[in-house]
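Values in this text are rule-based calculations from the coordinates and carry no lab data. Only a predicted model underlies this, so the values are computations on that prediction, with no experimental measurement involved. Note that we place each Cβ from the backbone using ideal geometry, even for glycine, and neighbour counts take in every protein chain shown.
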Amino acid sequence: MTDDLPPMLELRGLGRRYGAAEVLRGLDLAVPRGSFTVVVGPSGCGKSTLLRLIAGLDAPSAGEILIDGTRVDRLPPAKRGVSMVFQSYALYPHMTVRRNIGFGLKIAGASDADIHARIARAADMLKIGELMDRKPAQLSGGQRQRVAIARAIVRDPKVFLFDEPLSNLDAALRAGTRVELAAMHAELGATIIHVTHDQVEAMTLADRLVVLNRGRIEQAGPPHDLYTRPGTLFVARFLGSPQMNVLTPASPTGQALARADDLPDGTAWIGIRPEDLAIAAPDAPDAVAAGRVAMIEELGDSRILHLRVDDGCDIVVRHHRTAPAPGSRIAVTARRGSLHPFAADERRLDSGRFSV
Ligand code: ADP
Ligand code: MG
């Protein structure tokens, strides 16, 4: 019964400080078996530090790390059952692709036949069979990244640790590789912890998303839940492009929104996503704001309108039809039930009315 098995990875009160700087603080997390968990957060929030602690390349200042139910935070890296793919790929420049992929297995004492079979399978999965005799300098960025992933796969780890493996790729390659990573995850049934600063990558890859901010977990859960019910103002702003609009209830637009959509007591911030606003005629009776179009970003399938509201605030609207010209006067309406209320401490104010 898989239900009786412990989580594949568990963090308990994990912390890391460097001198006075607390880089990770009190992380509690359980990663289920077979999960594609993505840790997302801005640059410098502690993502690489977290992976280095799990891999055993660095030691925690507080807390515990368990893999498959066993405490590993005092074990050497090779005994933990993890494989890490680094942002820089960290391939050995003087070795061929084949030797790069098989090197760790050789060190671990695997037989030549076993090494050969594992390399062949990984090469097939990542479609790098023709590259096996090349050296890293003779590969493109995307090919190097595949070799680095193949090197992780052959070790058959309990947990894969991916440190921004797509961030050195161009946009088209990144999108294609995202799809391949998802397929690889499905084929291997592996447990993956993938870190990235890119919220689109995070939303598309994750079955569980963990938002990290200044060394703390802001919120963890399925990506759709975090998007539709962000637990903090940070998560609300971090997920979604363009960003959620955030207004105070004291502003005229905030007051109009509050009238259109009852808000809980103690609301200090009102969030509304650009796709939950719609353009209306300047005299529309249910308008929540009116102003001038300051700028339009054309995205092909939709347009992002930047509106300078008469009360001086700026709001952003995603619009799917032909956009009004810059400078034109428009009003906007808000979809009912689409407001996100937050308290002064920036936590979501929960209320049944706001479930989406
Ligand atoms: P991320 O991967 O999210 O961009 P890092 O985990 O690399 O962030 O770094 C988090 C913070 O910890 C940064 O402020 C960084 O400067 C600091 N940091 C990382 N490693 C060390 C170290 N060895 N000594 C001191 N500070 C460090
Ligand atoms: Mg990093």
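At a Förster distance of 45 Å, what's the computed FRET efficiency of A294 paired with A137, Cβ-Cβ distance as r, to 0.05?
Using R0 = 45 Å, I get an efficiency of 0.40.
Want the number for T228 to K79: 0.36 nm per residue separation, take away the alpha-carbon distance, what's left?
49.6 nm
Express the relative contact order of the chain as a whole percentage, based on alpha carbon pairs under 8 Å and six or more residues apart in sequence.
Computed over the chain, the figure is 16 percent.
Within 10 Å of each residue's Cβ, count the other Cβ atoms and sort M132, M295, M8 from fewest upward.
Numbers: M132 17, M295 12, M8 23.
Listed from fewest to most nearby Cβ atoms, that is M295, M132, M8.
Lysine pairs in segment 9-236 with alpha-carbon atoms under 25 Å apart, 8 or more places apart or on different chains: how many are there?
9
Tally Lys/Arg at +1 and Asp/Glu at -1 over every other residue whose Cβ is under 12 Å from the Cβ of S251; what's the total?
-3
Need the full-extension length gain, A20 to D301, defined as separation in residues times 0.36 nm minus the C-alpha distance. One decimal, nm. Mind showing how you got there, number by number?
Numbers: separation 281, 0.36 × 281 = 101.16 nm, distance 4.86 nm.
Between A20 and D301, full extension yields an extra 96.3 nm.
Could you work out how far apart the two model spin labels at T204 and R33 are, taking each label as a point 7 Å from the Cα in the direction of the beta carbon, and quote it in nm?
Spacing of the two 7 Å Cα→Cβ label points: 3.1 nm.
Please figure out what share of the DSSP beta bridges in the chain is antiparallel and state it in percent, rounded to the nearest 5.
75 percent
Test of understanding: ordering H340, H185 by Cβ neighbours within 10 Å, fewest first, what list do you get?
Fewest-to-most ranking of H340, H185: H185, H340.
For a quick check: sort L131, L161 by the number of other beta carbons within 10 angstrom, fewest at the front.
L131, L161
Once you put a point 7 Å from the Cα of D345 and another 7 Å from the Cα of Q255, both along the Cβ direction, what distance in nm separates them?
Going from the D345 label point to the Q255 one covers 3.0 nm.
Estimate the FRET efficiency between L57 and R308 by the formula 1/(1 + (r/R0)^6), using the beta-carbon distance for r and 56 Å for R0, to the nearest 0.05.
Details: r = 49 Å, r/R0 = 0.88.
Step by step, r from the Cβ atoms, then E = 0.70.
Within a Cβ distance under 13 Å of K79, other residues only, what is the Lys/Arg minus Asp/Glu net charge? Don't jump to the answer; show the numbers that get you there.
Details: positive: R71, R74, R80, R155, K158; negative: D68, D73.
Taking every other residue near K79 into account, the sum is +3.
So for the pair T248, A268, with labels modelled 7 Å out along Cα→Cβ, what separation do we get in nm?
About 1.1 nm separates the two model spin labels.
Rounded to the nearest 500, what is the 222 nm mean residue ellipticity of the chain from helices alone, with -39500 (n - 2.57) per DSSP H run of 4+ residues and division by all residues? Could the numbers behind the result be given before it?
Numbers: 9 runs with 94 residues, N = 356.
Calculated at 222 nm, the ellipticity per residue is -8000 deg cm²/dmol.
Roughly speaking, what is the stretch gain from A183 to M95, that is 0.36 nm per residue apart minus the C-alpha to C-alpha distance, in nm to one decimal? Intermediate values should be presented prior to the final figure.
On the way: separation 88, 0.36 × 88 = 31.68 nm, distance 2.82 nm.
Working it through step by step, the gained length comes to 28.9 nm.
Please report, ordered by residue number, every helix of the chain (full DSSP H runs) that is 15 Å or longer along its axis going by C-alpha atoms and whose mean Kyte-Doolittle hydropathy reaches -0.5.
97-107, 112-126, 141-153, 171-188
Bins of 5 Å, beginning at zero and ending with the bin holding the largest distance: percent of Cα pairs per bin for segment 218-356, please.
So the P(r) values, bin by bin, are 2, 11, 21, 23, 19, 13, 8, 2, 0.
Over its Cα atoms, what ratio of radius of gyration to 2.2 N^0.38 Å does the chain give?
Details: Rg = 24.0 Å, N = 356, 2.2 N^0.38 = 20.5 Å.
So the Cα radius of gyration is 1.17 times the expected 2.2 N^0.38 Å.
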